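These notes concern the structure reproduced below.
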Amino acid sequence: MTEKVIPIRYGRGATSPDAPWDGAPLSDTLSRPLRDLRISVTDRCNFRCVYCMPREVFNSDYAFLPHAAILTFEEIARVAGVLVGMGVKKIRLTGGEPLIRKDLHKLVALLAPLGTDLTLTTNGSALARQARRLKDAGLQRVTVSLDALDDDTFHRINDADVSVARVIGGIEAAAAAGLAPVKINMVVKRGMNDHQIVDMARRWRGSGHILRFIEFMDVGSTNGWRMDDVVPSAEVVRRIGEQFPLEPADPNYTGEVAERWRYLDGGGEIGVISSVTQAFCSDCSRIRLSTEGSLFTCLFATSGHDLKSLIRGGAGDGALRDRIASVWNRRADRYSEIRTAETARLRKVEMSYIGG
Ligand code: SAM
Ligand code: SF4
Ligand code: SF4
């Protein structure tokens with residue numbers, strides 16, 4: 001009996017991943033669309049969070065990217081415009097610490113006319129100074145990372161001379177400027193800050209800001225991740241719920257990364273992002289543009305796809321579109337679904353470079 005050969009279908013209808021893009025919505029090998037773009041605007045940061053840029057690795061010997069290697073605002077805006085034409089609906093600026101890239105509001109002003117949802121993730125240390133001009137340039141919302149409320153724990157985590165009060169000042173300035181609702185991200189690592197879970201919930205209940213707990217992940221290859229250090233989201237919800245009863249809330253949209261929980265007494269909501277214990281790869285529609293202009297189709301990738309040489313080599317938008325389509329057509333990433341202690345040891349690209 002002859003075996004029936006079923007052709008692999010790349011994208012919608014395409015039988016070759018390298019066929020020129022025909023304008024049809026992109027769809028990867030697992031039928032996932034391309035919807036979200038994360039842009040890393042710098043690989044540098046003024047913090048040295050132990051789970052992201054540990055100081056023993058990211059010290060004065062570390063080779064950060066030279067200025068000439070990083071995409072200009074005009075180059076970033078061009079790639080973003082091409083991607084929006086191919087289906088991207090949400091753009092998030094990140095890094096590294098995006099607010100240490102000089103004049104970031106000028107990039108926001110170039111991206112705002114694209115008409116997508118436009119947000120930014122920051123450690124908050126420079127937010128109070130910049131919130132108003134970012135809003136005026138067209139930024140819609142911010143997510144601020146804050147892992148503890150007491151300065152001792154905070155300093156042990158970020159290894160930088162920034163107080164909790166300064167970050168909270170950034171959060172309040174962002175809300176006052178209209179970059180709301182502000183989301184507050186807390187990465188939870190056992191023994192590092194899990195004693196702060198309920199204090200954080202208490203502090204932000206009823207504030208109008210949305211606190212979200214993120215499971216500690218094995219990003220990059222320098223943060224010494226072990227499964228034992230992960231505090232499962234189910235435990236976070238249980239610990240908060242014992243103090244302040246919670247009920248599950250419906251997702252805002254299909255594929256929302258955070259699972260929502262609402263306080264029964266009307267004190268607002270929290271979110272939990274269970275990247276380790278409940279992987280959400282099957283809905284992952286994110287692409288990342290690294291600081292130096294490579295595309296990454298997964299946070300845990302070991303390599304990217306160079307676009308900068310095309311851009312600086314004079315390629316037109318059509319050539320960029322064909323390259324992006326061929327990258328997305330081939331995409332099969334589902335790292336969090338197949339994570340093991342062995343994969344955690346792979347030499348993955350650092351999160352500060354690829355964009356968190
Ligand atoms: N510097 C900005 C900040 O900290 O918000 C933006 C970049 S940072 C890489 C983006 C997000 O990734 C932050 O909320 C940070 O807490 C989170 N993150 C970094 N390393 C992580 C890890 N190992 N596990 C889970 N989340 C992590
Ligand atoms: Fe910097 Fe953000 Fe990484 Fe902390 S998590 S080291 S603030 S990039
Ligand atoms: Fe997406 Fe990769 Fe994260 Fe899965 S592991 S959700 S594919 S970025």
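The values are calculated or read from the model by the stated rules, or taken from the named source; none is laboratory data. In this text the structure is predicted, and so the values were computed from the model without any measurement. Please note: Cβ atoms are built from the backbone with ideal geometry, for glycine as well, and neighbour counts cover all protein chains shown.
Can you list the helices (runs of 4 or more DSSP H) lying wholly within region 287-356 that have 3 or more residues being farther than 21 Å from Asn223 by Cα? Talk me through it step by step, then tell me what you get.
Numbers: elements: 308-312, 317-330, 341-344, 351-354.
By residue number, 308-312, 317-330.
Could you check, for region 128-135, whether at least one of its residues is polar (S, T, N, Q), buried (at least 18 other Cβ atoms within 10 Å of the Cβ) and away from ligand 2 (no atom under 16 Å from the Cβ)? Reasoning before the result, please.
Narrowing region 128-135 to residues polar (S, T, N, Q): 130.
Those still in the list that are buried (at least 18 other Cβ atoms within 10 Å of the Cβ) too: 130.
Subsequent filtering for residues that are away from ligand 2 (no atom under 16 Å from the Cβ) retains none.
So far as region 128-135 goes, no, none of its residues is polar (S, T, N, Q), buried (at least 18 other Cβ atoms within 10 Å of the Cβ) and away from ligand 2 (no atom under 16 Å from the Cβ).
Can you name the residue in region 297-327 that is out of contact with any Pro (no Cβ under 9 Å at 6 or more places or on another chain), among the β-branched types (Val, Ile, Thr) and modelled with pLDDT of 95 or more and, of all such residues, is farthest from Val79 (Cα to Cα)?
Going through region 297-327, the residues out of contact with any Pro (no Cβ under 9 Å at 6 or more places or on another chain) turn out to be 297-317, 319-320, 323-324.
Subsequent filtering for residues that are among the β-branched types (Val, Ile, Thr) retains 297, 302, 311, 324.
Checking the rest, the ones that are also modelled with pLDDT of 95 or more come to 297, 311, 324.
Numbers: Thr297: 15, Ile311: 9, Ile324: 10 Å.
Once the filter is applied, the top-ranked residue is Thr297.
Going by the conditions given, is Ile311 within 16 Å of ligand 2 (Cβ to nearest atom) and not basic (Lys, Arg)?
No.
Scan His155, His209, His195 and give me the residue that is under 20 Å from the mean Cα position of the chain (by Cα) and either on the phi < 0 side of the Ramachandran plot or within 16 Å of ligand 3 (Cβ to nearest atom) (or both). Reasoning before the result, please.
Values: His155 fails: under 20 Å from the mean Cα position of the chain (by Cα); His195 fails: under 20 Å from the mean Cα position of the chain (by Cα).
Just a single option satisfies the conditions, and that option is His209.
With region 172-279 as the region, which strands (runs of 3 or more DSSP E) entirely inside it contain at least 1 residues that are surrounded by 15 or more Cβ atoms within 10 Å (Cβ to Cβ), within 16 Å of ligand 1 (Cβ to nearest atom) and of a type outside the set (Lys, Arg)? Break it down into steps so the answer makes sense when it comes.
Values: elements: 183-188, 210-215, 246-248, 259-263, 269-273.
In region 172-279, 183-188, 210-215, 259-263, 269-273 are the strands (runs of 3 or more DSSP E) which contain 1 or more residues that are surrounded by 15 or more Cβ atoms within 10 Å (Cβ to Cβ), within 16 Å of ligand 1 (Cβ to nearest atom) and of a type outside the set (Lys, Arg).
Put simply, of Arg334, Arg339 the only residue that is farther than 29 Å from Gly23 by Cβ, at pLDDT below 95, basic (Lys, Arg) and surrounded by 14 or more Cβ atoms within 10 Å (Cβ to Cβ) is Arg339.
Residues of region 311-326 being of a type in the set (Lys, Arg) and closer than 12 Å to Leu295 by Cα, which ones?
Let us first name the residues in region 311-326 that are of a type in the set (Lys, Arg), namely 312, 321, 323.
The answer is Arg323, and nothing else.
Which of the residues belonging to region 98-112 are out of contact with any helix residue (DSSP H, G or I) (no Cβ under 9 Å at 6 or more places or on another chain) and either of a type outside the set (Lys, Arg) or surrounded by 19 or more Cβ atoms within 10 Å (Cβ to Cβ) (or both)? Passing the criteria: only Ile100.
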